[in-house]
Amino acid sequence: MHKLAPNSLYRLRNLAATGPRFYQISVYMRRLETLGLVVATGRANPAEDSVEYEITAAGRQELVERYGASWSGPAEDEG
C-alpha cells in the first residue's frame, strides 16, 4: 500500500467510479501515474492543460487493500 495524499485517493476513487476523465496535469496525477495506479489514455486538452487518465488494475487493487473487498467500483467491461 502506497502513502497517498487525500487528494490523490479522492482522484483514484473517482476514476474507479466514473471511468476515464480529464484532470489538469499536477503532481498528484503524476505521482499516481509513476506508481502505476493510473495511466494516461493519450487524449489531451491543451487549452485547459489537461490529460485524460484511467485507473489501472494496480489502482483498483490499491483501493481494495485500503477499503477491503466490500469496496465496490463499477464492473469491468465484459464486451
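The numbers here are math on the coordinates, done by the rules we state, and not lab data. Just so you know, these numbers come straight off a predicted model, no measurement behind them. Cβ coordinates were reconstructed from backbone atoms using ideal geometry, including for glycine residues, and neighbour counts include every protein chain displayed.
See the values below:
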{"item": "Yes/no for ARG31 being of a type in the set (Lys, Arg) and closer than 19 Å to GLU65 by Cβ", "result": "yes"}
{"item": "TYR28 surrounded by 17 or more Cβ atoms within 10 Å (Cβ to Cβ) and assigned to a helix (DSSP H, G or I)", "result": "yes"}
{"item": "Filtered residues of segment 41-63 (kept if assigned to a strand (DSSP E or B) and touching a strand residue (DSSP E or B) at 6+ places or on another chain (Cβ under 7 Å))", "result": "THR41, ARG43, ALA44, ASN45, SER50, VAL51, GLU52, TYR53, GLU54, ILE55"}
{"item": "Number of positions in segment 31-50 that are among the aliphatic types (A, V, I, L, M) and either surrounded by fewer than 12 Cβ atoms within 10 Å (Cβ to Cβ) or over 12 Å from the mean Cα position of the chain (by Cα) (or both)", "result": "2"}
